[in-house]
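Enquirer: Sharing a structure here in structure tokens format.
Please treat every number below as a calculation from the coordinates, not as lab data. All figures in this text were calculated on a predicted structure; none of them were measured in a lab. All Cβ positions, even for glycine, are placed from backbone atoms using ideal geometry, and neighbour counts span all protein chains on display.
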Amino acid sequence: MSYAIQFQNMSYTVNKQNILHNISQNINTGAITTLIGPSGAGKTTLLKMCNALLSPTAGTIYVQGQTIDTFTPTTLRQKIGIVLQNAPILRTTVFNNLALLRHLQKQELTQEEALHMLTDVGLDEALLMRQATDLSGGQKQKLAIARTLLNRSEILLLDEITSALDPHSVQEIEQLIIKIRQKGITIIWITHNIEQAQKMGDYIWVMAQGQVVASGTTNEIMNSNDAHVQAFLLGGRQ
Ligand SMILES: Nc1ncnc2c1ncn2[C@@H]1O[C@H](COP(=O)(O)OP(=O)(O)OP(=O)(O)O)[C@@H](O)[C@H]1O
């Protein structure tokens, strides 16, 4: 089993408050790992550690077997994409939104590549020259995912990317993520929706109070008798 990301005795302490506490866990390459747990458990903080938006105050993170600080920020941001609940969209065309990262890397994006990418994420080609800020919530999320794919990310971090969407858009995004997983991309996905975690994840990590209190295959977690897991699963289903 190869690991996309490994956390070794990792902690993150701010003003003497343990936001993450002594986490030692591995993310399997090519799988979907969902992070669930109550609000304030540390899920977003953990995600931000994965592409060095934050750095641990103790312990080590390995990305594809190398310590995270051996990568330049540019390499790391290319290798590890992130999509947020409300992905930042520039007030310009869909094409310019797609081309931005290439421009930052002093490279061009061809119209052909852009159209290919739109089709790939299930967006109509006719949207290419539209104002991206006029897109629906679901379309904006697909655009944000397309931007990361253009960057050829090998690891994708998703922070509640469907929580602001209608059920139909949620379903479309879920199907898109399954397609992306089939390309061998590793996915770490924070969700508040236990049904989504159950449906989408190969593995589930349950977080509480800055720790990973349970982890395993989705089946193992859903059938676990662990008190933390039970408490969260019952709470989440109410
Ligand atoms: N820089 C910081 N300084 C102080 N406290 C912080 C800082 N960053 C995060 N926290 C606190 O750490 C805890 C974990 O936050 P985090 O956003 O990671 O939780 P979460 O599990 O993602 O929650 P949610 O599901 O509500 O998004 C929270 O109590 C938060 O207020």
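Enquirer: Report the full-extension gain for the segment ARG152 to GLN25: residue separation times 0.36 nm, less the Cα-Cα distance, to one decimal in nm.
Expert: On the way: separation 127, 0.36 × 127 = 45.72 nm, distance 2.52 nm.
Full extension of this stretch gives 43.2 nm more.
Enquirer: Add +1 for every Lys or Arg and -1 for every Asp or Glu among the other residues with Cβ under 13 Å from the Cβ of LEU100, and state the total.
Expert: Details: positive: ARG77, ARG91, ARG102, LYS106, ARG147; negative: GLU108.
The answer is +4.
Enquirer: Let me ask another. Which whole-angstrom value gives the distance between the alpha carbon centres of the stretch 1-60 and the stretch 199-220?
Expert: About 13 Å separates the Cα centre of the stretch 1-60 from the one of the stretch 199-220.
Enquirer: Do you know the relative contact order of the chain, to the nearest whole percent, from alpha carbon pairs under 8 angstrom that are 6+ apart? Kindly include the intermediate steps, with their values, before the conclusion.
Expert: Values: 438 pairs, mean separation 64.7, N = 238.
Normalised by residue count, the contact order of the chain is 27 percent.
Enquirer: Any chance you could check the Cα centroid distance between the stretch 72-120 and the stretch 157-174 for me, in angstrom?
Expert: Between the Cα centre of the stretch 72-120 and that of the stretch 157-174, the gap is 19 Å.
Enquirer: Can you run phi through the Karplus equation (6.51, -1.76, 1.60; θ = phi - 60°) for the stretch 72-81 and list ³J(HN,Hα) in whole Hz, with x for Gly and Pro?
Expert: Values per residue, Gly and Pro as x: 6, x, 5, 4, 5, 5, 6, 5, 10, x Hz.
Enquirer: Another question, if that's okay. List the aspartates and glutamates whose Cα lies under 17 Å from the Cα of LYS142, skipping any in the same chain that are fewer than 8 positions away.
Expert: GLU113, ASP120, ASP124, GLU125, ASP134, ASP159, GLU160, ASP166, GLU172, GLU174
Enquirer: Indicate the gyration tensor shape class of the stretch 1-138 (rounded, prolate or oblate), computed on the Cα atoms with a ≥ b ≥ c the square roots of the eigenvalues: a/c under 1.5 is rounded; otherwise a/b larger than b/c is prolate and the rest oblate.
Expert: prolate
Enquirer: Which log10 I(q)/I(0) values does the chain give at q = 0.08 Å⁻¹ under the Debye formula, counting every alpha carbon as one identical point scatterer?
Expert: Cα-only, vacuum Debye calculation for the chain: -0.30.
Enquirer: Quick one: compute the contact order of the stretch 55-138, relative version, from alpha carbon pairs under 8 angstrom and 6+ residues apart, as a percent.
Expert: In percent, rounded to a whole number, it is 29.
Enquirer: In deg cm²/dmol, rounded to 500, what helix-only [θ] at 222 nm does the chain give when every DSSP H run of at least 4 residues adds -39500 (n - 2.57) and the total is split over its residues?
Expert: So the helix-based figure for the chain works out to -11000 deg cm²/dmol.
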